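The next block holds one structure in the form of structure tokens; read it before the comments.
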Amino acid sequence: MGLTGELLARWAARRPHLLVAAAPGASAARLAVEAQADRAGWPLAAAPADADVLVVAGDPGPELSAAIERVWDQFPGPRARVRVVDPADVASGLAAAVARLTGTAGERPDPGPDGAQLDGGSGRHGHGDHGGMSMPGGLMMAERAEDRDGLKLDALHLALGPVLADWPAGLVVELAVQGDVVQSASARVLPPADPAAVRPYPDVDHPGLRRRRQAVAHLDSLSRLWAVVGWPAGAATARRLRDALVDDVPLAAAYAGFRPLDRRARRSHALRRATDGLGVLSAVTAVRAGVEIPATACGDATARWRRRLAETDRLLSGGEPDTSPEPDAVAVRELAAHLMVGLDLAAARVVLASFDPDPDELVAARMRS
Amino acid sequence: MTTGAWWGVLPAAGVLLGVALAAAALAGLLDPAGGSTLARRAGRPVWETARLLRQRRRGVVAADTLLWRLGLAGPLVVALLMVVVVPLGDRVAADLPVGVVWFNAMDVLLWAAVWLAGWGSNSAYGLVGGYRFLAQALGYELPLMFALTAPAVAAGSLRIADVVAAQRELWFVVWMPVAFLVFLGAVLAFSMSGPFAYPDGRDVAGGVLTEPSGVDRLILLAGRYALLAAGAATAVALFLGGGSGPLLPAWLWSLVKTLAVVAALVALRGRVPVLRADRVMRVAWLGALPATLAQVLAVAMLAVGRG
């Protein structure tokens, strides 16, 4: 490496972009990664093309591992990867990965996939198994299908997840889209290597810790929703508060930080305009979808984030942790997927993020049944 | 107003890139998540540029590489072509008699450029990003055209130098504030930032930014900041009296005002949630469009009255 190369590498190391691929059940590790990235001033990438370091949080199962490998193959390089399971190892693990990326660790950095010009996949995370004609490059042609206005339009099969920014860990929503309008959606979770060991993040015995972790989960969901809505300032503030709570700041201090965010969100007309009327859930919708309705999920996306704010407020001001039985996670996931149909991609993602189905809960529910 | 030789384009390009760099540095400075020290935050454009120069370019299966790269370079080229007609103080690279129309025509070129940047990558998210820009452009373009009409009508000329000269007594921002605000909104929209960061939204993994890496990405990101700078420079010439001001030389006034407008735009970004295409249409066609039409009517009546 020449002198210029070394200088570039040193400057580039100030701001490596991380792509986080989390497995269900690894919330603590993922939260530690995101907090460390925030402390170091390293942004979280939205796509592999924008990323330098792949961070795998937790222990993914075979299907999720395969998806992560495909994402890894799309890193442009130079690139580095690291897997973290224990939150205590996050800081050292990330630092070592960045050192490998810049070549300061004494070895040459991984230059990227061989023949990086081709990535051999139809979508970034597609699971392209659809019949139909193929094209040069091994890609499928879109099939045609009736659309909602009775026209025949190309229908494209697109999988959202499992590795996507501001997205529940391991969740895959398989969509058929015409233009960018969702025609059908089905959601599932790719399990971790040991699904039996998964415990939802707030599921701890100590009531004080439980209260704290429930607030963390709500703030985590809010930050994801606001990032999807495109309100980066709100998302960043919610994430900071969340990280502070994980770091054991006193509840009163967290509450003092939460109040202005709460006020700002509730008063924002623009925010309400972005979520009003999306994913309206009524008893009728639920019956039609054939699922039992969790009372806390009624109303539109705005109602859901306001309820999360209210619940966070209650927990942070010293309220007792919520002991009511968790809403049926599978039903919530099904409803969310059901309500995505007929919306454009942007609105559909807002709807999903407003429910924010908890993948840990989904895996645990599957193990119970 | 003096027009230099052909190489007068070079200083214009240099100033444009300098202002774009300042905008990127300020964006880093204002982002609390950018690192612990101020130097680290403000240095963001340097770190990012180094990172992207070091990163490899990547391709996508069956991408239309030629059109894709044309689209990626488009925003930067368009920004350069825009500032060619905008005077810095009393110097301008190309004193076109139809400068205002030229600016608008360059802006319309963006429709093709951003669309190609999304479509050419042969990626579903990129394609959605391209579509989103067209939907957004449909919203902002008409209000922008009428907002541009107002200063031209008031000055009785499409030459930007004449528009600047017509503001000797009173800056146009004072008697056409609606046109000024709509113009600034359109600048945010065509540079895909703030409430209009929709074609490059995080919810579609970056949209038009999903696939490009390395130099390709650098050019597109630089183009976005350059568009912000070009828009701000035009706003200064059309509404804020160009280089007029006490004490300082005219070119410095132009620069100071441009930097102030850029700073205001950058500070605004990120505070407002993104407007989805359907919401943009409502805001643009039911709010901004009638308002700018009323503004143009008022300006035209005043211009006729004066005589």
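Every read-out reported here was derived from the displayed coordinates using simple, explicitly stated rules and does not represent laboratory data. Remember, predicted model here, so these are calculated numbers, not experimental data. Quick reminder, even Gly has a Cβ in these numbers, built from the backbone with ideal geometry, and neighbours come from all protein chains shown.
Laid out as a table, the results:
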read-out: For chain A: relative contact order, % (alpha-carbon pairs under 8 angstrom, 6 or more apart); value: 16
read-out: Crossing angle, helix B:9-30 versus chain B [Cα axis fit, 0-90 degrees, rounded to tens]; value: 70
read-out: Rg to Rh quotient for chain A, alpha carbon positions, Kirkwood Rh; value: 0.97
read-out: DSSP beta bridge pairing in the protein assembly as shown, given as percent antiparallel to the nearest 5; value: 65
read-out: Convex hull projection area averaged over all views, the stretch A:174-276, Cα basis, nm²; value: 9.4
read-out: Calculated [θ] (222 nm, deg cm²/dmol) that DSSP helices of n ≥ 4 give over chain B, each run adding -39,500 (n - 2.57); value: -21500 deg cm²/dmol
read-out: Chain B: relative contact order as a whole-number percent, Cα under 8 Å and 6+ apart; value: 26
read-out: Relative contact order, percent, the stretch A:195-368 [alpha-carbon distance under 8 Å, six or more residues apart]; value: 31
read-out: Furthest towards positive pole of dipole, A:Tyr255, A:His206, A:Pro359, structure part the stretch A:195-368, Cβ charges; value: A:Tyr255
read-out: Net charge, B:Leu228 excluded, C-beta distance under 14 Å - Lys, Arg +1, Asp, Glu -1; value: 0
read-out: Coarse-grained scattering of the protein assembly as shown at q = 0.06, 0.11, 0.12 Å⁻¹, given as base-10 log I(q)/I(0) from a Debye sum over alpha-carbon atoms; value: -0.35, -1.15, -1.34
read-out: Cα point-scatterer Debye curve for the stretch A:299-367, base-10 log of I(q)/I(0) at q = 0.29 Å⁻¹; value: -1.24
read-out: Amide H contacts of A:Gly25 (H built 1.01 Å from N, under 5 Å, at least 5 apart or other chain); value: A:Asp360
read-out: Chain A: calculated mean residue ellipticity at 222 nm from DSSP helix runs of at least 4, using -39500 (n - 2.57); value: -14500 deg cm²/dmol
read-out: Dimensionless Rg ratio for chain B, taking C-alpha atoms and the 2.2 N^0.38 Å reference; value: 0.99
read-out: For the stretch A:3-102: rounded, prolate or oblate by the Cα gyration tensor [a/c cutoff 1.5]; value: oblate
read-out: Gyration tensor (alpha-carbon) shape descriptor, the stretch B:207-307, a/c threshold 1.5; value: oblate
read-out: Degrees separating the helix B:289-306 axis from the principal Cα axis of chain B, which is the longest one; value: 30
read-out: With Cα atoms, 0 to 90° folded angle of helix B:214-239 axis to chain B main axis; value: 10
